[in-house]
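The values are calculated or read from the model by the stated rules, or taken from the named source; none is laboratory data. Here the structure is a predicted model, which means the values were calculated and not measured. Here Cβ is always computed from backbone atoms with ideal geometry, including for glycine, and neighbour counts include all displayed protein chains. Accessible surface is based on the protein model in full, side chains and every heavy atom, while ligands, DNA and RNA are left aside. Shrake-Rupley method; radii C 1.70, N 1.55, O 1.52, S 1.80 Å.
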Amino acid sequence: MARYAPRYGLEIGEPSGTDWLRVDRLLEPDGPELTELLKRDHDASDHVSAHANALSLMSFYAGRAPATALLLWALEGRVLDIRPQNLWVKPHDGHGIAFVAVRSADFLPGGLQTLYDVVLTQHLLPLSAELHRRTRAGLRQLHGGVAAGCAMAFCAASREQETVAPSYLLERWQTFVTKAPAGLSRLGEVTEAAGKLVYLRNTCCLYYTSTKGCGTVCGSCCLTSRADRLTAYEAGKPILTV
């Protein structure tokens, strides 16, 4: 999977070392694991508020932790067991997640509904709820980060055009998002630009308000018009993405 993009790299086997965080513990109310992730993201960006810190973390996290499972489903129709008790993440020195590990590379019976369960219902949506409870960041904005992160699993793979066609990945994304819980289909749009899939958000992660963001919005941000975002993507203009 890693040949599509670094975000698809996955380690097999229960990891050792204090840097690894078990995902089910991330979801615990006031647990130290999520506190650590928030601190790392804050230190990397110098966010102006806990609200912005939570939104930034959600976007970066959702773009990495479930990516392998989403791509495997898109390409093979199989659901990798990334239930929280079977999943570990290792924080990056800066933003988000550097490595992901599963205890064993097992596949679960079922199709799309099972994928919703392991990626969203048991994982990213409870994480959003805990971030909302801790920081009062809006659930719609947090879910916007979930949608953007999941979309990047499909968009990043489309950059390897010799391996998988963007049109196929777009169809698989539409299948995934149309009936996804939490209204993810209303929070952004995947489309094609310059022969690749790109995501256009309907929410903002507030990264531009951080000291490191320096007022620069992400390439997918809703603060820029749809037409201007597509023009920038078509021109291959350097952009910041989740």
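Just one of the numbered conditions (1) modelled with pLDDT under 95; (2) buried (at least 16 other Cβ atoms within 10 Å of the Cβ); (3) of a type in the set (A, V, I, L, M); (4) more than 28 Å from G13 (Cα to Cα) is not true of A165; which one?
(2)
Pick from the stretch 81-94 the residues that are assigned to a loop (DSSP other than H, G, I, E, B) and open to solvent by less than 50 Å² (accessible area, probe 1.4 Å): which of them is modelled with the lowest pLDDT?
To start, the set of residues in the stretch 81-94 that are assigned to a loop (DSSP other than H, G, I, E, B) comprises 81-83, 92-94.
Restricting the remaining residues to those that are open to solvent by less than 50 Å² (accessible area, probe 1.4 Å) gives 81-82, 94.
Working: D81: 97, I82: 96, G94: 71.
Result: G94.
When you scan the stretch 217-229, do you find a residue that is over 30 Å from Q122 (Cβ atoms), in a helix (DSSP H, G or I) and open to solvent by less than 40 Å² (accessible area, probe 1.4 Å), even just one? If you could, list the steps in order and put the result at the bottom.
The initial filter retains those residues of the stretch 217-229 that are over 30 Å from Q122 (Cβ atoms), namely 217, 219, 223-229.
Next, from what is left, pick out any that are in a helix (DSSP H, G or I): 226-229.
Still in the list and also open to solvent by less than 40 Å² (accessible area, probe 1.4 Å): 229.
Looking for residues that are over 30 Å from Q122 (Cβ atoms), in a helix (DSSP H, G or I) and open to solvent by less than 40 Å² (accessible area, probe 1.4 Å), one finds at least one in the stretch 217-229, hence yes.
Is it true that H51 is surrounded by fewer than 20 Cβ atoms within 10 Å (Cβ to Cβ), without any contact (Cβ under 8 Å) to a residue 12 or more places away in the chain and under 27 Å from T209 (Cα atoms)? Walk me through it before giving the result.
On the way: surrounded by fewer than 20 Cβ atoms within 10 Å (Cβ to Cβ): yes; without any contact (Cβ under 8 Å) to a residue 12 or more places away in the chain: no; under 27 Å from T209 (Cα atoms): yes.
For H51, the condition - surrounded by fewer than 20 Cβ atoms within 10 Å (Cβ to Cβ), without any contact (Cβ under 8 Å) to a residue 12 or more places away in the chain and under 27 Å from T209 (Cα atoms) - is not met.
Only residues in the stretch 57-71 that are of a type in the set (D, E, K, R) count as the first member; pair them with residues that are surrounded by fewer than 24 Cβ atoms within 10 Å (Cβ to Cβ) and not in a helix (DSSP H, G or I), Cβ under 6 angstrom, at least 6 apart or cross-chain, and list the lot.
Cβ pairs passing all conditions: R64/I97.
Can you name the residue in the stretch 182-205 that is open to solvent by 40 Å² or more (accessible area, probe 1.4 Å) and either assigned to a helix (DSSP H, G or I) or not polar (S, T, N, Q) (or both) and is also farthest from G236 (Cα to Cα) among such residues?
A182
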